[in-house]
Ligand SMILES: Nc1ncnc2c1ncn2[C@@H]1O[C@H](COP(=O)(O)OP(=O)(O)OP(=O)(O)O)[C@@H](O)[C@H]1O
Ligand SMILES: [Mg+2]
């Protein structure tokens, strides 16, 4: 059993650590998530379109990129960029390194989601778009993509939420994000159980808020679908 | 309006159109009939270049395409030729994320650059014409097959094409819904639209067509007025086909 004095001590530590951990989340975890998700999505979109384009050099280049970033661990990618590149003269701040690696990694995974979504749209939709005089890019923009967005929202949402959690890996390259902060406080207070539970709750809150927005987007793009 | 001369189309090693020639006058309705696999759909899709022919000449309106082995059409050429046609598909192919009215507006706004207001006005009047004014703001999934196909017809007409192409527009429909679509098509034929219709509806052919074209094995075997073709066909392949469909 936890004694009364110990309980008070734990509550005290949790209270004191609340704001530092929250700040670490607001300062690093959330920006890292939002920035890399946005950049990753843009990268993913162009990668997906390039892979579908049929233009051989682009297809090969993007296939190579996806192959590398899907086939190696995120942690190893972080270490190569942050600890490895300085030896060839490229030194990045921890945050910049994290943004680059997460973006490239998310871009690779999400491009496959977007590509699959575009390919899932029935050929008849393209033909109907062509039949009213659209060019290929008009058909893509006006007819296929809006439908592909709907198809890809649930898997993209999942990947977004897993990104929130993956950002904890940035701790390994000295970004003082949420998890790193928790770790630091746990190290000096000797209350790892309660501090890591607190950290976990923060992640839970962040990803719950994101799921909520995902749900809203799914409703918005769900128009025209039988419920 | 339409002249096709010696049109050939291969799918890999399979020659599907083996020198099709025919012509259709402005304002007339031509119905193409023939057994499955005879190349009807392929011919229709060559007319709006959804399939690119390998050889031959197509004249449509004031544009002529002369296609030989070395021809590489640019997208702009394909699009400007295609804009003279409108197509109605067997599976409707409505845009599911747009309402009926938006389906009819889409090409007007994004291709013809009409204003949204003008496009909607035109969409509503076309929907009125196909009997769906009150369904304008419904999504395709809320409409029956026959209603969806009528929206498909309105969508094709919204672009003011010279020629309307129909590929078995009623064959995906429940029997009780076929009539409402054929009626709209008959009205269009009577208005003097130029139409090319692939169908198995012989009654429609008989009543609405000016010209019936019988295809078999990738060529036009025989053609004429409905009367000529249905009652005075001479070619044994035509007769065999007609005997089968009319069970006579
Ligand atoms: N994209 C394609 N690739 C390969 N072969 C095709 C393709 N489209 C059609 N074919 C073949 O070409 C031939 C003619 O097909 P088409 O669809 O034009 O016939 P159809 O007269 O419309 O038949 P149906 O009455 O069954 O619709 C068939 O043998 C078909 O299998
Ligand atoms: Mg067919």
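The values are calculated or read from the model by the stated rules, or taken from the named source; none is laboratory data. All figures in this text were calculated on a predicted structure; none of them were measured in a lab. Because the Cβ atoms are built from the backbone with ideal geometry, glycine has one as well, and the counts that use them run over all protein chains shown.
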**Report entry** From the options B:173, B:229, B:143, B:164, residue that is surrounded by 14 or more Cβ atoms within 10 Å (Cβ to Cβ), at pLDDT below 95 and away from ligand 2 (no atom under 16 Å from the Cβ)
**Finding:** B:229
**Report entry** Wholly enclosed helices (runs of 4 or more DSSP H) of segment A:46-149 bearing at least 1 residues within 14 Å of chain B (Cβ to nearest Cβ) and surrounded by fewer than 18 Cβ atoms within 10 Å (Cβ to Cβ)
**Finding:** A:94-120, A:123-131
Query raised in the report: Among the residues of segment B:181-199, is there at least one that is in a loop (DSSP other than H, G, I, E, B), away from ligand 1 (no atom under 16 Å from the Cβ), closer than 30 Å to residue A:224 by Cα and within 16 Å of the chain's Cα centre (by Cα)?
Result: no
Report summary line: Considering only strands (runs of 3 or more DSSP E) wholly within segment B:1-114, the ones with at least 2 residues that are touching a residue at least 12 places away in the same chain (Cβ under 8 Å) and within 14 Å of ligand 1 (Cβ to nearest atom) are B:2-11, B:14-24, B:29-33
Query raised in the report: Does segment B:29-59 hold any residues that are within 14 Å of chain A (Cβ to nearest Cβ) and either out of contact with any helix residue (DSSP H, G or I) (no Cβ under 7 Å at 6 or more places or on another chain) or away from ligand 2 (no atom under 16 Å from the Cβ) (or both), and which are they?
Result: B:41, B:42, B:44, B:45, B:46, B:47, B:49, B:52
Query raised in the report: Quick one: would you say residue B:191 is closer than 25 Å to residue B:120 by Cα, within 14 Å of chain A (Cβ to nearest Cβ) and surrounded by fewer than 20 Cβ atoms within 10 Å (Cβ to Cβ)?
Result: no
**Report entry** Selection status of residue B:215, modelled with pLDDT under 95, touching a strand residue (DSSP E or B) at 6+ places or on another chain (Cβ under 9 Å) and closer than 27 Å to residue B:145 by Cβ
**Finding:** no
Query raised in the report: Yes or no: residue B:161 within 14 Å of chain A (Cβ to nearest Cβ) and within 16 Å of ligand 1 (Cβ to nearest atom)?
Result: no
Requested in this report: Can you tell me which residue within segment A:183-227, out of those that are without any contact (Cβ under 8 Å) to a residue 40 or more places away in the chain and within 14 Å of another protein chain (Cβ to nearest Cβ), is surrounded by the most Cβ atoms within 10 Å (Cβ to Cβ)?
Outcome: A:224
**Report entry** Failed criterion for residue B:73 (all others in (1) surrounded by 15 or more Cβ atoms within 10 Å (Cβ to Cβ); (2) more than 9 Å from chain A (Cβ to nearest Cβ) hold)
**Finding:** (1)
Report summary line: Quick count over segment B:88-105, residues being touching a helix residue (DSSP H, G or I) at 6+ places or on another chain (Cβ under 7 Å) and more than 8 Å from every other protein chain (Cβ to nearest Cβ), is 7
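Confirm whether residue A:180 is over 24 Å from residue B:94 (Cα atoms), touching a residue at least 40 places away in the same chain (Cβ under 8 Å) and part of a helix (DSSP H, G or I).
Values: over 24 Å from residue B:94 (Cα atoms): yes; touching a residue at least 40 places away in the same chain (Cβ under 8 Å): yes; part of a helix (DSSP H, G or I): yes.
So residue A:180 fits the description; yes.
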Query raised in the report: Which one of these does residue B:85 not meet: (1) within 10 Å of another protein chain (Cβ to nearest Cβ); (2) at pLDDT 95 or above; (3) surrounded by fewer than 20 Cβ atoms within 10 Å (Cβ to Cβ)?
Result: (3)
Report task. Out of the residues in segment B:122-140 that are more than 23 Å from the chain's Cα centre (by Cα) and loosely packed, with under 14 Cβ neighbours inside 10 Å, state the one that is nearest to the other protein chains (Cβ to nearest Cβ). Result -> B:137
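Do the conditions hold for residue B:117, that is, is it assigned to a helix (DSSP H, G or I) and more than 8 Å from every other protein chain (Cβ to nearest Cβ)?
Yes, satisfied.
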Query raised in the report: Do the conditions hold for residue B:246, that is, is it surrounded by fewer than 21 Cβ atoms within 10 Å (Cβ to Cβ) and touching a residue at least 24 places away in the same chain (Cβ under 8 Å)?
Result: yes
